[in-house]
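Let me begin by presenting the structure, written as structure tokens, before commenting on it.
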Amino acid sequence: MTSGLDSFVNHTVSIITSDGRNFIGTLKGFDQTINMILDESHERVYSTTTGVEQVMLGLHIIRGDNVAIIGLIDEDVDNRLNLSTIKAEPLNPVVH
Amino acid sequence: MLPLSLLRTAQNHPMLVELKNGETYNGHLVSCDNWMNINLREVICTSRDGDKFWRMPECYIRGSTIKYLRIPDEVIDMVKEETVTKNKQSRDQKGGRGGQNQRNRPAARGNFGGRANKPGGQQKLFQKNKPTKLA
């Protein structure tokens, strides 16, 4: 059995966690429970008043329980974004 | 690379652990297990709002309560070396006792249709650990 995540390894991914946060980084590995290794990661904090704030974080292990969505980032498109002009409501945490 | 291999490599390094309830624990990783349960030394616990702090000489955190762990950047480079040497060992062992398939059977079950033949065989590392745990 191969997981669809194999093709994401060593690529830039965006992970949305169940507390509504958005982590961007290089996926270095994962396991059966979707625990993730994110290298050179940063968090994007969205707000309706100022542009997107990027918080540098570094090397992370994110526990699979909290992972809601993993998306592959197109780096060309991402580099063209002007984050300071993007305003958005922050996501709410998942309600269990 | 498996997240738990990275965590194992991070032993004796400082780290930040955020729990699902928002509390954070800063300390040195003493030990961890396959369930991500961890032992920390010289811990500073910070409340969810970051307004209260507690110092404790050590603590034990149940893996299932963890949201994420922040680990020093250099630790990921140390894992790579370890993985390479372990893969070599498991390959050598396979060649050395070719006829002992019985003993390897629990491990073989986990090779996901032969994916372990891939060069980057983290699976092998995993398999190798399995019998050790059983024994």
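The values are calculated or read from the model by the stated rules, or taken from the named source; none is laboratory data. Small disclaimer: the values here were computed from a predicted structure and weren't measured. Don't worry about glycine lacking a Cβ; one is built from the backbone with ideal geometry, like all the others, and counts go over all protein chains shown. Heads up: the accessible areas ignore ligands, DNA and RNA and are worked out on the full protein's heavy atoms, side chains in. Shrake-Rupley method; radii C 1.70, N 1.55, O 1.52, S 1.80 Å.
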**OP:** Kindly establish whether residue A:6 is modelled with pLDDT under 95, open to solvent by 20 Å² or more (accessible area, probe 1.4 Å) and farther than 24 Å from residue B:23 by Cα.
**Re:** yes
Original post:
How do the pairs read when you match residues in the stretch B:1-17 that are within 10 Å of chain A (Cβ to nearest Cβ) and in a loop (DSSP other than H, G, I, E, B) with residues anywhere that are open to solvent by less than 10 Å² (accessible area, probe 1.4 Å) and not hydrophobic (A, V, I, L, M, F, W, C), using Cβ under 6 Å and keeping only pairs 6 or more apart or on different chains?
Top reply: B:1/A:29; B:2/A:29
Subject >> Subset tally (residues that are at the interface with chain B (Cβ under 9 Å from one of its Cβ atoms), within 22 Å of residue A:96 (Cβ to Cβ) and of a type outside the set (S, T, N, Q)) for the stretch A:24-82 >> reply: 5
**OP:** Would you check which residues across the stretch B:18-36 are open to solvent by 30 Å² or more (accessible area, probe 1.4 Å), part of a loop (DSSP other than H, G, I, E, B) and under 22 Å from residue A:33 (Cα atoms) and list them?
**Re:** B:20, B:21, B:33, B:34, B:35
**OP:** Read through the list (1) open to solvent by less than 30 Å² (accessible area, probe 1.4 Å); (2) on the phi < 0 side of the Ramachandran plot; (3) not in a loop (DSSP other than H, G, I, E, B), then give the number of the only condition that residue A:58 fails.
**Re:** (2)
Subject >> Breaking point among (1) open to solvent by 50 Å² or more (accessible area, probe 1.4 Å); (2) out of contact with any Gly (no Cβ under 8 Å at 6 or more places or on another chain); (3) not hydrophobic (A, V, I, L, M, F, W, C), for residue B:39 >> reply: (1)
Original post:
Which of the residues belonging to the stretch A:8-55 are in a strand (DSSP E or B), over 20 Å from residue A:87 (Cα atoms) and in contact (Cβ under 8 Å) with a residue 60 or more places away in the chain?
Top reply: A:12, A:13
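Residues being over 18 Å from residue B:76 (Cα atoms) and in contact with a strand residue (DSSP E or B) (Cβ under 7 Å, 6 or more places away or on another chain): count how many of those fall in the stretch B:1-26.
So the count comes out to 7.
Taking residue B:27, is it away from chain A (no Cβ under 14 Å) and either under 20 Å from residue A:18 (Cα atoms) or touching a residue at least 24 places away in the same chain (Cβ under 8 Å) (or both)? Steps first, please.
On the way: away from chain A (no Cβ under 14 Å): yes; either under 20 Å from residue A:18 (Cα atoms) or touching a residue at least 24 places away in the same chain (Cβ under 8 Å) (or both): yes.
Criteria met by residue B:27.
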